[in-house]
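Everything below concerns the one structure shown next.
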Amino acid sequence: MTDSQTKIEIRNLYKIFGDNPQAMMDKVRAGVGKDQLNEEFGHVLGLSDINLKIPARGIQVVMGLSGSGKSTLIRHINRLIEPTSGDVIVDGENVISMDDKALRDFRRNRASMVFQKFALLPHRTVMDNTIYGLEIQGISEKEAAKRASQWIERVGLSGFENNYPTQLSGGMQQRVGLARALATDADILLMDEAFSALDPLIRTDMQNILLDLQQELHKTIVFITHDLEEALRIGDQIAILRDGEVIQQGTPEQIVLKPHDDYIADFTKDINRGRVIQLKTIMSPPNDQPGPELPGEMLVEDAAQLVTESPSSQARVTDPSGQVIGVVDIKSLIRAMARPDIESRIEELEDN
């Protein structure tokens with residue numbers, strides 16, 4: 001679920017690493033690229049003119065390969081990294097211009113972070129790690145323990161309160177990190193490759209936990225990943241980075257159906273499109289033929305199963321109020337799930 005209100009706005013953000021980054025700004029703005037800046041001037045272009053509006057109450061995924069700048073970007077939101085130039089606006093307030101006191105308050109109360117390597121304190125138990133952020137906020141010991149217990153239960157770790165991180169699996173350690181972040185009740189949750197170190201099955205389990213919690217909590221989540229399937233599965237919006245620049249922004253459907261260039265098309269070519277595309281995207285105008293009624297937000301893959309089991313060869317697509325707004329048939333469902341190259345072949349066969 002997303003909200004049209006912008007929670008975080010990143011404006012003209014640049015980050016150059018090196019001895020004299022400000023002196024390099026004119027060169028970058030004049031068109032000097034990442035490779036040239038490094039080879040000729042000994043500076044590294046981390047981010048180049050990033051502009052991104054992140055809606056409230058939704059999951060914004062930032063996706064890219066190693067070295068694309070995605071982790072650098074997320075660390076600008078809570079100013080763990082200082083920009084060379086640009087602004088990060090949260091609820092109308094510029095994080096970059098905050099003084100030390102305001103920045104501490106922002107980090108303690110408004111933005112929590114979950115790291116790839118868990119970042120748990122090894123000498124603290126599960127309970128004590130979960131309480132940590134509440135201690136920094138100045139919450140009383142009794143209230144902190146109450147809140148921590150609730151979140152430990154919510155992430156499925158009841159009974160492990162007195163265990164230390166070394167006594168937990170990787171997935172369990174990341175659940176502690178998630179509980180710690182949620183316990184502070186911050187509006188913004190920053191997740192930097194939070195599930196990347198986990199085995200595939202455990203990663204899927206953590207994705208499910210996050211999505212289930214988000215259905216209830218409606219946090220503004222910025223989620224960093226290098227995995228496109230993960231991005232498509234959990235993201236309401238996706239921004240794809242390459243060499244410190246945003247190449248494409250959009251919904252999962254927009255990324256899959258309308259890749260901006262060959263770079264993104266190559267990423268998406270083997271994606272199961274049936275798990276991304278919704279019925280309302282491919283429906284035809286309604287007709288009088290019978291068929292099961294399916295919500296427009298239903299994914300094509302799920303709908304295909306139901307339509308093949310139905311006596312009718314089509315389904316009637318409904319809006320949130322239950323009004324029929326279109327239809328889909330088996331042929332349109334198969335076409336939607338086909339890879340682009342297969343879809344082109346289907347069109348050739350139809351033409352012949």
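Some points to look at:
- Taking a ≥ b ≥ c as the square roots of the eigenvalues of the Cα gyration tensor, an a/c ratio of 1.5 or more together with a/b no larger than b/c marks the range 158-238 as oblate.
- Pairs from LYS34/LYS70; LYS258/LYS331; LYS70/LYS146; LYS27/LYS70; LYS7/LYS146 whose Cα-Cα separation, in the structure shown, is over 26 Å: LYS70/LYS146; LYS7/LYS146
- For the peptides 326-338, 234-246, 21-33, residues were scored by their other Cβ atoms within 10 Å and the scores averaged per peptide; the highest-first order is 234-246, 326-338, 21-33.
- Within-10-Å neighbourhood charge of VAL126 [Cβ basis; K, R +1; D, E -1]: +1
- Overall, the chain carries a charge dipole of about 1020 debye about its Cα centre when +1 sits on the Cβ of Lys and Arg and -1 on the Cβ of Asp and Glu, all other atoms neutral.
- 14 Å cut-off, amide nitrogen to a point 7 angstrom out along LEU80 Cα→Cβ, residues in the range 219-239: 222-225
- A Förster distance of 41 Å, applied to the separation of the beta-carbon atoms of ASP49 and ASN109, puts the FRET efficiency at 0.85.
- Dimensions of the chain along the principal axes, based on C-alpha atoms and rounded to the nearest Å, stand at 66, 57, 37, largest first.
- Angle in degrees between helix 200-217 and the longest Cα principal axis of the chain, rounded to the nearest 10: 90
- For the chain, the relative contact order is 17 percent, taking Cα pairs closer than 8 Å that sit 6 or more residues apart in sequence and dividing their mean separation by the residue count.
Laboratory data are not the source of any read-out in this text; all were calculated from the coordinates shown. What you see is a predicted model, and the numbers here were worked out from it, not measured in a lab. Note that we place each Cβ from the backbone using ideal geometry, even for glycine, and neighbour counts take in every protein chain shown.
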